[in-house]
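For reference, the structure is listed below as structure tokens.
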Amino acid sequence: MEKHSVPYNEINFYSRMLARSVEENREISHVVGLARGGLIPATIMSYALDKPLLSYGISSYKGSKKTENFHITQTFSLVDLPRNASLLVVDDICDTGDTMKHITEKLALAGIRYTTACVYTKEKHKDWLDYFGLVVDDNKWIVFPWE
């Protein structure tokens, strides 16, 4: 698989661009960063939107290797959210789509409105994400500056 390194300034640019797009089209009460990789773009979007940041720690990878199960390290209380909460769920990349599907199914079951955003996505996921920055080839592995 071909590796492609991306710089912080590119992530910052697309995170702010996504925040502007969301702000123009959606009412958001909180930003949720999917830890670990989604926390940096989520933090940027949280500041840009001036909304509280929540973290949900989930992984389906060990290094660059896909695992069978999710490893959940951190959650937040859905019952403590305001009644009219509308969450922006953010990740760095939608690679397999498994982690984004996991959290959005959980939110849907709880009746919580949400919007999804990823800085990068694979072609196969762009139709079900609400917002994304760049589409990357399926054979490309994105290496983030924090890795």
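The values are calculated or read from the model by the stated rules, or taken from the named source; none is laboratory data. Keep in mind the model is a prediction, meaning the values are calculated, not measured. Quick reminder, even Gly has a Cβ in these numbers, built from the backbone with ideal geometry, and neighbours come from all protein chains shown. These area figures cover heavy atoms from the full protein model, side chains too; ligands, DNA and RNA do not enter into them. Shrake-Rupley method; radii C 1.70, N 1.55, O 1.52, S 1.80 Å.
Just a few scattered comments:
- Prolate/oblate/rounded label for the range 93-138 (Cα gyration tensor, a/c 1.5): prolate
- Remark: accessible surface ordering of ASP95, ASP50 (largest first) is ASP50, ASP95, probe radius 1.4 Å.
- Probe 1.4 Å - accessible area at VAL119, Å² to nearest ten: 0
- Calculated FRET efficiency for the pair LEU109/ASN9, C-beta based, R₀ 35 Å, to 0.05: 0.40
- Each residue of the range 133-147 was assigned a 3J(HN,Hα) from its phi angle through the Karplus expression (A = 6.51, B = -1.76, C = 1.60, θ = phi - 60°), giving x, 10, 9, 10, 4, 4, 8, 10, 9, 7, 9, 8, x, 8, 8 Hz with x at Gly and Pro.
- Length gained on full extension, ILE72 to HIS102, computed as 0.36 nm times the residue gap minus the Cα-Cα distance: 9.7 nm.
- Rg followed by Dmax, in Å, when the chain is reduced to its Cα trace: 14.4, 45
- Ellipticity estimate at 222 nm from DSSP helix runs (n ≥ 4, -39,500 (n - 2.57)) divided over the chain, nearest 500: -9000 deg cm²/dmol
- Tilt relative to the chain, helix 98-109 - C-alpha long axis, 0 to 90 degrees, to 10: 10
- Residues whose amide H falls under 5 Å from that of ILE58, counting only those 5 or more places apart or on a different chain, are ALA35, ARG36, THR73, with hydrogens built in the peptide plane.
- With all protein chains in place and ligands, DNA and RNA left out, the 1.4 Å accessible area ranks TRP141, TRP146 as TRP146, TRP141, largest first.
- Sparse-neighbour loop sites [trypsin sites (Lys or Arg not before Pro); the range 1-91; at most 14 other C-beta within 10 Å; DSSP]: ARG83
- Solvent exposure of PHE132, expressed as accessible area, is near 70 Å², computed with a probe of 1.4 Å over the protein chains only.
- Amide H contacts of VAL89 (H built 1.01 Å from N, in plane; Pro and chain starts excluded): VAL32, THR115, THR116, ALA117 sit under 5 Å, all sequence-distant by 5 or more or on other chains.
- Loop-located GluC sites (Glu not before Pro) in the range 1-107 (DSSP state not H, G, I, E or B) with no more than 11 neighbouring Cβ atoms inside 10 Å: GLU27.
- Listed residues THR121, VAL135, PRO52: farthest to the positive end of the dipole of the chain (Cβ charges): PRO52
- In degrees, nearest ten, helix 39-49 long axis to first principal axis of the chain (Cα): 50
- Computed with a 1.4 Å probe over protein heavy atoms only, the accessible area of MET100 comes to about 0 Å².
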